[in-house]
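Trainee: Right, I'll just put the structure down here and ask away after.
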Amino acid sequence: MKIQNHVHGEWVDGNGEGTPLVNPVSGEEIARATSDGVDLGRALDHARTVGGPALRAMTYAGRGEMLGKINETLTANRDKYADIALRNSGNTKIDAAIDIDGGTGTLFFYTRLAGKLGDANYLRDSGFERMAKDAAFQGMHIWVPLKGAGIHINAFNFPSWGLWEKAAVSLLAGVPFLAKPATATCLLSYEMIRDVIDAGVVPEGTISLICGGGRDLMDHVTGRDAVAFTGSADTANLLKGNANVIASSVRFNAEADSLNMSLLGPDARPGTAEFDLFVKEVSREMTVKAGQKCTAIRRAFVPAGILDEVAGALEARLAGTVTGDPRNETVRMGPLVNKAQQRSALDGIAQLAEEADVITGGDGFEPVDADPEISSFVPPTLLKCADPMGARAVHEVEVFGPACTVMPYETAEDAVELASRGGGSLAASVFTADDEFANAATLGIAADHGRVLVVDAQVAGSQTGHGIVMPMCTHGGPGRAGGGEELGGARGLRFYHQRTAVQGRLDRLEALAEAGAEVAL
Ligand code: NAP
């Protein structure tokens, strides 16, 4: 099967044989993707000139209804998507749910938000700015949708969630988009977009898709466009550094990799609820999606006196993780997405092992119902590093797989310092029953993290998890994590709007304010 591209209102084949997409358990080829020869300049122009005006003619509430219809279409085809997630990504049922239902859940959230914004087609800040003695002349800030296109470049690990978390915000803002999913897993993105286009629920030019290639995309963007990138820091830097992107001051949001951390409070001794919750969360983060989550816990910091107890508890818990072909009902963890990712994860683990002891994983691992030579498995690998202050790789090498290093800290100040060695991360978590420690740690690490989850026994049943991105809270992180921000409820709309200060007669401004939807961005 050759996956097609959707550009200028048509489904078109790329040239050449394309890049194979494989089943990471059997190694079998399931499709090929190429966008070679596709005119990307024409594709983006069509989005800007046909899709953009159609969307801007709708109100936020109208666009919300459109998101609702997209969601209905996707929900009706869920079984097909789960099958693709199994065959192309090696997902277990839970892994597939995080990706597929994460995507539709985000669409649902933005459908509801649209209802609150109502029948407006621009946004405004609250209040007016007085600038002169004469109160009749004042200023205000409005937010209008960009007149360009969103260019959504995504990583291989979330072909559904990555697609729809960007699409929901872009479409609600009134901005059409061109999606470029990662080639390795683009079959799911393709099927979803094909179903939505076939259902006739979006105006022409609103959604474009290229699968495979797209290496010259940045040469075709303009200052009216907005690039939302998710992937490795290396690719983000390459694309951000494109001469056209720099010269045209193109908006560029980067969601890159990070060495997210979790912190066990000094009060959380073995036997406490917080100790158990921490062990459960770290092992879950290591094994869900076989650790291929940008937010997964890579570094676990624990009080120095209980390092071995924590390592032992994690080792015991990980021993119960059956790893193999997800079609086997007993399997809890699947493979990495392909051989290249397996090689990269094993190389990364080898670098960590120069500074840390390998507690679980290592040689001699046999996946269930799979040939270790052909398949792309990596066993859950827990490492223990006794000297994190003197180590480097544990803070710098992102193993995009089921690996985590547990490390000791002496004082709260040391824990904050170790957290910062990640160079800026997406997510952190703190497990403690001590309110003072919880808030001091949160404030200490916040500047280096986009999100901090604070857990104790009282929120054990309701907390949403270290690695799960919730659409009402911002997603993104400083420094190495890319410096971007996505989602966060209405805040996410900011990226696809221009904020403009309007200065003039107060009664004119009041009329403008009346017609816009007030929102805190
Ligand atoms: P990647 O290799 O950097 O690729 C990301 C995307 O960029 C893919 O769609 C890729 O397309 C595309 N790309 C690569 N070179 C390009 C170029 N020259 N021009 C245009 N597009 C180009 O990352 P990945 O391996 O897919 O994903 C894993 C990484 O993503 C990890 O480091 C992970 O931490 C990070 N990640 C971050 C988040 C977040 O929200 N912060 C979420 C998920 C993953 P091809 O597939 O065709 O190469």
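The values are calculated or read from the model by the stated rules, or taken from the named source; none is laboratory data. Just so we're clear, the structure is a prediction, and the values are computed from it rather than from any experiment. Positions of Cβ are backbone-derived with ideal geometry, glycine not excepted, and every protein chain shown enters the neighbour counts. Heads up: the accessible areas ignore ligands, DNA and RNA and are worked out on the full protein's heavy atoms, side chains in. Shrake-Rupley method; radii C 1.70, N 1.55, O 1.52, S 1.80 Å.
Trainee: Please verify whether residue 296 is buried (at least 24 other Cβ atoms within 10 Å of the Cβ), in a loop (DSSP other than H, G, I, E, B) and more than 16 Å from the ligand (Cβ to nearest atom), treating the condition exactly as stated.
Mentor: When the stated conditions are applied, residue 296 does not pass them.
Trainee: Of (1) open to solvent by less than 10 Å² (accessible area, probe 1.4 Å); (2) outside any strand (DSSP E or B), residue 414 satisfies all except one. Which?
Mentor: (1)
Trainee: Return the total of residues in the stretch 176-209 being out of contact with any strand residue (DSSP E or B) (no Cβ under 7 Å at 6 or more places or on another chain), in a helix (DSSP H, G or I) and open to solvent by 10 Å² or more (accessible area, probe 1.4 Å).
Mentor: 4
Trainee: To continue, here is another question. Go through the stretch 1-96 and tell me which helices (runs of 4 or more DSSP H), entirely inside it, have 1 or more residues that are touching a Phe, Trp or Tyr at 6+ places or on another chain (Cβ under 9 Å) and closer than 16 Å to residue 177 by Cβ.
Mentor: By residue number, 60-76.
Trainee: Kindly evaluate residue 519 against the criterion of being away from the ligand (no atom under 13 Å from the Cβ), in contact with a Leu (Cβ under 9 Å, 6 or more places away or on another chain) and at pLDDT below 95.
Mentor: Against the criterion (away from the ligand (no atom under 13 Å from the Cβ), in contact with a Leu (Cβ under 9 Å, 6 or more places away or on another chain) and at pLDDT below 95), residue 519 qualifies.
Trainee: Cβ-Cβ distance below 8 Å, separation of 6 or more or different chains: which pairs start in the stretch 168-193 with a residue that is outside the structural domain of residue 205 (by TED's automatic domain parsing) and end on one that is open to solvent by 10 Å² or more (accessible area, probe 1.4 Å)?
Mentor: none
Trainee: Same structure again: Can you tell which of 92, 75 is β-branched (Val, Ile, Thr) and surrounded by 19 or more Cβ atoms within 10 Å (Cβ to Cβ)?
Mentor: Matching residue, one of 92, 75: 92.
Trainee: Here's a check for you: in the stretch 150-171, which residue that is more than 9 Å from the ligand (Cβ to nearest atom) and either assigned to a loop (DSSP other than H, G, I, E, B) or of a type in the set (Ser, Thr, Tyr) (or both) is farthest from residue 256 (Cα to Cα)?
Mentor: Step by step, filter the stretch 150-171, then rank; the result is 170.
Trainee: For residues that are within 15 Å of the chain's Cα centre (by Cα) and at pLDDT 95 or above, tally how many sit in the stretch 258-284. Reasoning before the result, please.
Mentor: First pass over the stretch 258-284, keeping only residues within 15 Å of the chain's Cα centre (by Cα): 258-260.
Subset that is at pLDDT 95 or above: 259-260.
Total satisfying the criteria: 2.
Trainee: Mind checking whether some residue in the stretch 462-470 is on the phi > 0 side of the Ramachandran plot and within 16 Å of the ligand (Cβ to nearest atom)?
Mentor: Looking only at the stretch 462-470, we keep the residues that are on the phi > 0 side of the Ramachandran plot, and these are 465.
Filter again for within 16 Å of the ligand (Cβ to nearest atom), leaving 465.
Yes, some residue in the stretch 462-470 is on the phi > 0 side of the Ramachandran plot and within 16 Å of the ligand (Cβ to nearest atom).
Trainee: Now for a different question. Name every residue in the stretch 471-482 that is more than 11 Å from the ligand (Cβ to nearest atom) and surrounded by 17 or more Cβ atoms within 10 Å (Cβ to Cβ), in order of residue number.
Mentor: Selection gives 471, 474, 478, 479.
Trainee: Go through the stretch 349-387 and give me each residue that's under 24 Å from residue 159 (Cα atoms) and not hydrophobic (A, V, I, L, M, F, W, C).
Mentor: 375, 376, 379, 380
Trainee: For residue 132, state whether it is more than 16 Å from the ligand (Cβ to nearest atom) and either closer than 30 Å to residue 338 by Cβ or at pLDDT below 95 (or both).
Mentor: yes
Trainee: So the check is Cβ under 7 Å with 6+ separation or different chains; which pairs have a first residue in the stretch 239-260 that's within 30 Å of residue 403 (Cβ to Cβ) and a second one that's of a type in the set (S, T, N, Q)?
Mentor: If the second residue must be of a type in the set (S, T, N, Q), the pairs left are 255/230; 256/232; 257/232; 258/425; 259/425; 260/295; 260/425.
Trainee: Here is a follow-up. Of these, 429, 425, 420, which one is open to solvent by less than 10 Å² (accessible area, probe 1.4 Å) and away from the ligand (no atom under 16 Å from the Cβ)? Walk me through it before giving the result.
Mentor: Details: 425 fails: away from the ligand (no atom under 16 Å from the Cβ); 420 fails: open to solvent by less than 10 Å² (accessible area, probe 1.4 Å).
So the residue among 429, 425, 420 that is open to solvent by less than 10 Å² (accessible area, probe 1.4 Å) and away from the ligand (no atom under 16 Å from the Cβ) is 429.
Trainee: Also: Mind listing just one residue for me: the one in the stretch 313-343 that is in a helix (DSSP H, G or I) and loosely packed, with under 15 Cβ neighbours inside 10 Å and, of those, nearest to the ligand (Cβ to nearest atom)?
Mentor: Ranking the qualifying residues of the stretch 313-343, first place goes to 340.
Trainee: Please verify whether the stretch 484-499 includes one or more residues that are loosely packed, with under 14 Cβ neighbours inside 10 Å and either within 13 Å of the ligand (Cβ to nearest atom) or modelled with pLDDT of 95 or more (or both).
Mentor: Scanning the stretch 484-499, I find at least one residue that is loosely packed, with under 14 Cβ neighbours inside 10 Å and either within 13 Å of the ligand (Cβ to nearest atom) or modelled with pLDDT of 95 or more (or both), so the answer is yes.
Trainee: Continuing with the same structure: Quick check on my filter: what residues within the stretch 232-258 are in contact with a helix residue (DSSP H, G or I) (Cβ under 9 Å, 6 or more places away or on another chain), part of a loop (DSSP other than H, G, I, E, B) and near the ligand (Cβ under 10 Å from one of its atoms)?
Mentor: Answer for the stretch 232-258, where residues must be in contact with a helix residue (DSSP H, G or I) (Cβ under 9 Å, 6 or more places away or on another chain), part of a loop (DSSP other than H, G, I, E, B) and near the ligand (Cβ under 10 Å from one of its atoms): 242, 256, 257, 258.
Trainee: Please work out which one of (1) open to solvent by less than 20 Å² (accessible area, probe 1.4 Å); (2) within 12 Å of the ligand (Cβ to nearest atom); (3) small (Gly, Ala, Ser); (4) not in a loop (DSSP other than H, G, I, E, B) is the condition residue 450 fails and give its number.
Mentor: Tallying (1) open to solvent by less than 20 Å² (accessible area, probe 1.4 Å); (2) within 12 Å of the ligand (Cβ to nearest atom); (3) small (Gly, Ala, Ser); (4) not in a loop (DSSP other than H, G, I, E, B), residue 450 fails exactly one: (1).
Trainee: Now for a different question. Any idea which residue in the stretch 402-411 is most open to solvent (accessible area, probe 1.4 Å), counting only those that are in contact with a strand residue (DSSP E or B) (Cβ under 8 Å, 6 or more places away or on another chain) and of a type outside the set (Phe, Trp, Tyr)? Full working, then the answer.
Mentor: The first filter runs over the stretch 402-411 and keeps only residues in contact with a strand residue (DSSP E or B) (Cβ under 8 Å, 6 or more places away or on another chain), leaving 402-409.
Next, only the ones that are of a type outside the set (Phe, Trp, Tyr) stay: 402-408.
Numbers: 402: 1, 403: 5, 404: 2, 405: 2, 406: 0, 407: 0, 408: 20 Å².
Ranking the candidates gives 408 first.
Trainee: Out of the stretch 211-231, which residues are near the ligand (Cβ under 7 Å from one of its atoms) and open to solvent by 50 Å² or more (accessible area, probe 1.4 Å)?
Mentor: Matches in the stretch 211-231: 215 only.
Trainee: Looking at the stretch 43-64, which of its residues are out of contact with any Leu (no Cβ under 9 Å at 6 or more places or on another chain) and within 16 Å of residue 207 (Cβ to Cβ)?
Mentor: Result: 45, 46, 48, 49, 50, 51, 53, 54, 56, 58.
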